[in-house]
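All remarks here apply to the structure that follows.
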Amino acid sequence: GAGADNDLYINQAVVFIEDAIQYRSINHRVDSRSLGLYRWYYSRTCQWILSLTITVILALAFIEQPSSLTVTSDARYRPPAWNPPCGLTESIELLCFLVFVVDVAVKSYLVGWEEFWKNKWLMAYIVTLVVSLTDWMVSLSFFCMEDVRIRRILRPFFLLQNSSMMKKTLKSINSTLPEMASVVLLLALHLSLFTMFAMLLFARTKDGQQDKEWVRYFRNLPDSLTSLLVLLTTANNPDVMIPAYSKNRAYSLFFILFTVLGNLFLMNLLTAIIYNQFRGYLLKSVQSSLFRRRLGIRAAFEVLSSLKETPASAQESYVSVGALLQVLQKVDMDSRCKQAITRSIRMCSCDQLSATQFQKLFEELDKDAIMQHPPSPEYQSHFMQKVQFAFGHPYFGYLGNVVALANIISICVVLVMDADKQPSERDDFFLGAINCFFILYYLLEMLLKVLAMGLQRYLSYPSNRFDGLLTVILLVLEISTFAVYGFPHPGWRPEFMGLLSLWDMVRLVNMFIVFRFLRIIPNMKFMALVVTTLLDLVKNLRAFAGILVVVFYAFAITGIMLFKGAVVPLGNTSKKAVVLCVKEKSDFIALFGYFQAHVIYCLLYLLSLLTVHLICRWAKIYFVAWWLISSVIWVNLFIALLLENFIHKWDRRCHRESLSDIEYQRTVELMFRDVLEEPTEEELMEKLHQHPHLQLCR
């Protein structure tokens, strides 16, 4: 009946608005049962379970053989690690696979069979699950003794497919690759030409004493290419040119010319191209997100205009205010936006809303998130008003910065004076006394600020929360020190009592004092701009960080499988290390010892390998691939995002001075808001009429 139809339209509008808020596609089933399943799937509980499952399956690598559960990180003295019995991690893995099977089944059902075949991510999801389950069964058939587990390399895909922003970022990276390939090809040509020049310049001579450059770096084509590739990263500079420079100073011109052309021109040209292209593709991605939001809002308007209680009009559709308020009560959205939209509706004198008015109401979603600080308390006493004015004035904060600087200088002086003293000769009286004085001042400063500003206003500033937290920590540490060692006195000696020695306690206090000095950042405008850029970058970096985790994880697992068992730790004398392809045994152990251990070693080593190190012949492919992806591509993408974020903030700073009582927060979508184009009504209606499951009345 009409009531059932109206309920369906209301629920459709609720889902479409939630899709718009989250920038989701509206191309899914819209019948009553599917809408309930859709809202359940995107509920916080369901998404939390899915995120937990992804975290668990990624974390399995840390306890699977080779296990990371060891007492010490030193491979020479580490006892055999505990390895879980066969079937333990496999059972956990099977539970995770079952969750993923349910996930892909629900997604496939909701988008419909026609959309399923167009969705490459869903098809890749199913293929990954099939391969993983097949490999899981093979593993059990071998009683978990197989060396190669393909499913471990495929695990990061589950993280990748669960984030729409990561998919967009990956698509942007993929679209940027052709432009990057041209510069990488030019870089390879530069490397090849200079390799040939090097082999001609440093050819073998009759005098073996003069062939040090040839012996160490340019013996053959692979060694020459590797030496110059490492020089391109400056990892072996100036070692690579010392033998040749010792023979003839003119040889240095070769290395200078190679470094200038490669590092200063080609690498920076690559950065410029990546920034320009990636910014364009990211802008297109954000433009498509805006289109999804506008399409979701327009779809909600169209279904609400189909309500039986809405009067029909031959020329234009309308939505009743009562229906919209009913929808807003069910929509899961930010309370700030909901209150602002409701307030705008109450202020509107009309009973019906046109499509333009309806869309304008939801533009509240595009605005900056602002946080207004609570007002200061109002004191009746004239004396308290003067106290509030004095200790709430910015100059009082500047005085605190000067005192913090004096504290840092005093710590530096004491550390320089005691640098060469033995622990038995050190007297901590002076350092303990000045720390006690400054900590008491910090406590007094915090209490006076709370008195002047009020507790709520004081805590509304991040800088005050940072300052107050460190002050409380310092006070607790100082009281603990006094309780164990007494008050500072001449001859205060570092003596071990309980958990920490006196010297450890003093050092911990001093580290927090140095860390507290960062409170000066908000008072320096340019430094505050840089820091807020970095903080916003961290907030908006989840997609980039997620893809970086995927790359790290895949390369770490691949490294373990490729180099597992290639070397025995130095402390193990029961087995003989097998050196396969490196001139010096110590170099081989230093390199491959990380990969025969466990995942933590691999991740740490890959983190340090943003430049190429000494590698054996066949392993060069692995490490050069890692260098290209991590250092050449990913670091430049990070620089591109950093530049875009900073330039955007700088432009906003020039056009609008920040207000003292308002803080603005930005997202990736809002970063490009000023340059995005609004979709036309014809584009929106054309897209809505192409919806596979929604039949519009007009």
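The values are calculated or read from the model by the stated rules, or taken from the named source; none is laboratory data. Bear in mind that the values here come from a model prediction, so they are computed numbers and not experimental data. We place every Cβ from the backbone using ideal geometry, glycine too, and count neighbours over all the protein chains shown. These area figures cover heavy atoms from the full protein model, side chains too; ligands, DNA and RNA do not enter into them. Shrake-Rupley method; radii C 1.70, N 1.55, O 1.52, S 1.80 Å.
Structure values in brief
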quantity: Average projection area in nm² (convex hull over Cα atoms of the stretch 138-185, one quarter of hull surface); calculated: 5.4
quantity: Listed pairs Lys421/Lys449; Lys360/Lys687; Lys120/Lys330; Lys284/Lys338; Lys168/Lys330; Lys118/Lys284 exceeding 31 Å between Cα atoms; calculated: Lys421/Lys449; Lys120/Lys330
quantity: Solvent-accessible area, 1.4 Å probe, carbon plus sulfur percent, for the stretch 215-267; calculated: 64
quantity: Neighbourhood net charge (10 Å Cβ-Cβ; Lys/Arg +1, Asp/Glu -1) for Tyr125; calculated: +1
quantity: Accessible area of the stretch 1-171 divided out per residue, in Å², using a probe of 1.4 angstrom; calculated: 51
quantity: Accessible area of the stretch 1-171 belonging to carbon and sulfur atoms, whole % at 1.4 Å probe; calculated: 67
